[in-house]
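Working notes, structure below.
The values are calculated or read from the model by the stated rules, or taken from the named source; none is laboratory data. Nothing here was measured: the structure is a model prediction, and the numbers come from that model. When we count neighbours, we look across all protein chains shown, and the Cβ atoms used for this are built from the backbone with ideal geometry, even at glycine.
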Amino acid sequence: MTTANRRQILGGLALGAAGLLASKASDGAAPTGTAHAFGHDVSPGADGQVVVPHKTEEPIAFKYGIDASEPKITSGGWAREATAHHFPISTGIAGVHMYLNPGASRELHWHAIAAEWAYVLDGRCQTTVIDPNGTTEVLNFGPGDVWFFPRGHGHSIQTIGTEPCHFILSFDNGNFSEHGTFSITDWTSLIDPKLLSQVFGVPAATFANFPKGETYIMQGKVIPLDSPAAQEINNKVSPNTHRYKLMQQKPTQDFPGGSVHLATINDFPISSTMAGGIMKLKAGALRELHWHPNANEWQYYAKGHARVTLFGSGGRMSTADFGPGDVAYIPQGYGHSVQNIGTDECEIVLTFDNGHYQEISISEWIATSPPHLLANNFGVDEAVFANFPKTKVYIAKA
Ligand code: MN
Ligand code: MN
């Protein structure tokens, strides 16, 4: 439990106790002049404060240095992870940066508690995934491609070609950990070889040279890109394919200050529980104040530097600066903005724990609200809003 949560709960208990005392005190007493229905007993006049004071304590810890974290390493590569264990705010989404050497494979495995969404940063790999219908798809991936493996579907990832391959993984459960994946060598090394012999109809001795524990990411022979092994098989078409060539699509949003490529359930149907994509911001550009009504947001900073504000209600606002290798977590419904504070373009991998993408931006809300309401709300003249944008800004240029 965070300090903030504990204080809120203690505060709630205190209020509850006060309410109990108040009701006891009034037991049996006749109604008095001050015991009115809500709102009638408080004059909004001189005693009412014009604004509620800000809270400057209790910053929200929404930044995590995933690339600076301790990796899980085996013979063929490594994974660094951000889970709710080390990054407590991230209850809805966990993430991993995984790096595979040429010739390495992340072995056959599955996840009991989360689906897997991925964006390939660099290099080439081949994924193999089996669905509950017994159909296996083998597909190749390169930079800018996205995959999605539904929860529990068996999968593996193997580098093809002579370059290393690395990618960002995101999981729709903050408690997911790479230390809790169900790997096939972990299983086969724990079970009696006689059972394997019975299943596969081969002598138990066949398994004598199998690994004695989880290989996780295993180093093997390099697979040339032009070799038969690098061919795709069982290439499914939408809605069942698990590949989406995200960066070969037109941007979902395109502005002078930047762009967003997004894969939602509408574009990539198998990705039913997550949406995700890439946001690029030019120097000085600002992804405006907005929130997501239906999802938590997870961000991995791939390139550039940005300043993120997070509005947590109740007078709480936190600001943090992010660079390559950092992760941000925006809880569902929390207001936020992202500004490129560097001199180069900023590139951010975004994921959401809902296949449907939803957002509300402050510029669109102001643009579509009646001026008399805005004048009242902000205590200024209606004319103040005359020159405000008439449509959603989305990304404001520098
Ligand atoms: Mn996996
Ligand atoms: Mn957002």
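Taking the criterion of being in contact with a His (Cβ under 8 Å, 6 or more places away or on another chain), assigned to a strand (DSSP E or B) and more than 14 Å from ligand 1 (Cβ to nearest atom), the residues of region 121-139 that qualify are Leu121, Asp122, Glu137, Leu139. Restricting Ser272, Ser197 to residues that are farther than 29 Å from Pro102 by Cα, modelled with pLDDT of 95 or more, among the hydroxyl-bearing types (Ser, Thr, Tyr) and over 18 Å from the mean Cα position of the chain (by Cα) narrows the list to Ser197.
Here Trp291 qualifies as within 15 Å of ligand 2 (Cβ to nearest atom), more than 24 Å from His97 (Cα to Cα) and in contact with a Phe, Trp or Tyr (Cβ under 8 Å, 6 or more places away or on another chain). Scanning region 140-152 for residues that are within 15 Å of ligand 1 (Cβ to nearest atom) and crowded, with 18+ Cβ neighbours inside 10 Å yields a count of 6.
Restricting attention to region 335-368, the residues that are touching a residue at least 60 places away in the same chain (Cβ under 8 Å), of a type outside the set (A, V, I, L, M, F, W, C) and within 11 Å of ligand 2 (Cβ to nearest atom) add up to 5.
Residues satisfying the criterion are present in region 289-312 (criterion: part of a strand (DSSP E or B), more than 16 Å from ligand 1 (Cβ to nearest atom), of a type in the set (Lys, Arg) and modelled with pLDDT of 95 or more). Here Ile270 fulfils each of the conditions (1) within 16 Å of Asp145 (Cβ to Cβ); (2) in a strand (DSSP E or B); (3) among the β-branched types (Val, Ile, Thr) apart from (2).
Being modelled with pLDDT of 95 or more, more than 24 Å from the chain's Cα centre (by Cα) and of a type in the set (Gly, Ala, Ser) is a description that applies to Ala383.
To keep it simple, each residue is scored yes or no on (1) touching a residue at least 24 places away in the same chain (Cβ under 8 Å); (2) more than 21 Å from Thr135 (Cβ to Cβ); (3) of a type in the set (Phe, Trp, Tyr).
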residue: Thr206; (1), (2), (3): no, yes, no
residue: Thr215; (1), (2), (3): yes, yes, no
residue: Met218; (1), (2), (3): yes, yes, no
residue: Val222; (1), (2), (3): yes, yes, no
residue: Glu232; (1), (2), (3): yes, no, no
residue: Asn235; (1), (2), (3): yes, no, no
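Has region 208-227 got at least one residue that is surrounded by 17 or more Cβ atoms within 10 Å (Cβ to Cβ), of a type outside the set (Lys, Arg), part of a helix (DSSP H, G or I) and assigned by TED's automatic domain parsing to the domain that holds Gly76? No, there is no match, as no residue in region 208-227 is surrounded by 17 or more Cβ atoms within 10 Å (Cβ to Cβ), of a type outside the set (Lys, Arg), part of a helix (DSSP H, G or I) and assigned by TED's automatic domain parsing to the domain that holds Gly76. Residues in region 45-88 that are without any contact (Cβ under 8 Å) to a residue 40 or more places away in the chain and either in contact with a helix residue (DSSP H, G or I) (Cβ under 8 Å, 6 or more places away or on another chain) or not aliphatic (A, V, I, L, M) (or both): Gly45, Asp47, Gly48, Gln49, Thr56, Glu57, Ser69, Glu70, Pro71, Arg80, His86.
For Asn133, the conditions (1) at pLDDT 95 or above; (2) farther than 23 Å from Ala263 by Cα are fulfilled apart from (1).
The listed residues are Thr185, Thr127, Thr162, and the only one of them that is at pLDDT 95 or above, out of contact with any strand residue (DSSP E or B) (no Cβ under 9 Å at 6 or more places or on another chain) and among the polar types (S, T, N, Q) turns out to be Thr162.
Cβ-Cβ contacts under 8 Å between residues 6 or more apart (or on different chains), taken from a first residue in region 162-174 that is assigned by TED's automatic domain parsing to the domain that holds Gly92 to a second residue that is within 12 Å of ligand 1 (Cβ to nearest atom) and aromatic (Phe, Trp, Tyr), are listed as Leu169/Trp117; Ser170/Trp117; Phe171/Trp117; Asp172/Trp117. The set of residues in region 358-398 that are under 24 Å from Val51 (Cα atoms) and of a type in the set (Ser, Thr, Tyr) comprises Ser361, Ser363, Ser369. Given Glu107, Glu163, which one is surrounded by 20 or more Cβ atoms within 10 Å (Cβ to Cβ) and either within 16 Å of ligand 2 (Cβ to nearest atom) or of a type outside the set (Gly, Ala, Ser) (or both)? None of the others qualify; the one that does is Glu107. For region 74-104, a tally of residues being within 16 Å of ligand 2 (Cβ to nearest atom), of a type in the set (Val, Ile, Thr) and surrounded by 23 or more Cβ atoms within 10 Å (Cβ to Cβ) returns 1.
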